[in-house]
Amino acid sequence: MSLAGLVPLVASDPSVAEALRTDSDLVVPSAATAPVIAAVAQGVSGRPGTVLAVTATTREADDLVAALGSLLDPATVGDFPSWETLPHERLSPRTDTVGRRIAVLRRLAHPESDDSGAGRLSVIVAPVRAILQPFVAGLGDIEPVRLRVGDEIDVAQT
């Protein structure tokens, strides 16, 4: 269900509109967080770019991604997960987590206008752990391997 009509209503509130026009801090009820972030992402503030929304926990990040997906085009909302492992543990993170992180970095560095799944992101949602964890410079520049139905790939050549 699309709730995109809420975004202009929230953005038109005088206190929200003033905060979006200036560099003011804005404290909103948790129910209004997603519409206010969506308003900023849609350029209501006049500041173009991608919004980074940092949450306290992974669960809050997942909830915010779902809420933003009903206010914005879900393809423009990126989820930047944190590693499930701690740096001192001798475990590798899950491959899907690695892939999701690299995909977001790739979309930041090289958005593709002809592919909605690889296009420009309006909002990136990340738990604070994901922001604090180090990542290697240049990961967004790695060219992804793309396969489509019907493609034939010689595995020996890759």
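Take the residues of the stretch 71-92 that are part of a loop (DSSP other than H, G, I, E, B) and surrounded by 14 or more Cβ atoms within 10 Å (Cβ to Cβ): which is modelled with the lowest pLDDT?
That would be T85.
Check V36 against each of (1) open to solvent by 40 Å² or more (accessible area, probe 1.4 Å); (2) at pLDDT 85 or above; (3) assigned to a helix (DSSP H, G or I) and name the one condition it does not meet.
Going through the list (1) open to solvent by 40 Å² or more (accessible area, probe 1.4 Å); (2) at pLDDT 85 or above; (3) assigned to a helix (DSSP H, G or I), V36 breaks only (1).
Name the residues in the stretch 134-158 that are more than 24 Å from the chain's Cα centre (by Cα) and within 24 Å of R107 (Cβ to Cβ), would you?
Once the filter is applied, which keeps residues that are more than 24 Å from the chain's Cα centre (by Cα) and within 24 Å of R107 (Cβ to Cβ), the stretch 134-158 yields R148, V149, D151, I153, T158.
I need the full set of residues from the stretch 10-26 which are outside any helix (DSSP H, G or I) and either at pLDDT 80 or above or open to solvent by less than 20 Å² (accessible area, probe 1.4 Å) (or both), in order please.
S12, D13
Would you pick out the residues in the stretch 112-124 that are of a type outside the set (G, A, S), in a loop (DSSP other than H, G, I, E, B) and open to solvent by less than 100 Å² (accessible area, probe 1.4 Å)?
Scanning the stretch 112-124 gives E112, D115, L121.
Before we move on, is T95 surrounded by fewer than 16 Cβ atoms within 10 Å (Cβ to Cβ) and of a type in the set (V, I, T)?
The answer is yes for T95.
Would you please name the residue that is modelled with the lowest pLDDT, looking only at residues in the stretch 98-111 that are open to solvent by 20 Å² or more (accessible area, probe 1.4 Å) and within 21 Å of Q42 (Cβ to Cβ)?
So, considering only residues that are open to solvent by 20 Å² or more (accessible area, probe 1.4 Å) and within 21 Å of Q42 (Cβ to Cβ), the one modelled with the lowest pLDDT is P111.
Does P127 satisfy the condition of being exposed (fewer than 14 other Cβ atoms within 10 Å of the Cβ) and not aliphatic (A, V, I, L, M)?
no
Working carefully through the options R120, R59, find the one that is of a type in the set (D, E, K, R), within 30 Å of G5 (Cα to Cα) and touching a Lys or Arg at 6+ places or on another chain (Cβ under 9 Å).
Only one candidate qualifies: R120.
Pick from A130, A53: which is within 30 Å of S12 (Cα to Cα) and not polar (S, T, N, Q)?
A53
The values are calculated or read from the model by the stated rules, or taken from the named source; none is laboratory data. The model shown is predicted, which means the values in this text are computed figures rather than measured ones. In this analysis, Cβ positions are derived from the backbone assuming ideal geometry, glycine residues included, and neighbour counts consider all displayed protein chains. These area figures cover heavy atoms from the full protein model, side chains too; ligands, DNA and RNA do not enter into them. Shrake-Rupley method; radii C 1.70, N 1.55, O 1.52, S 1.80 Å.
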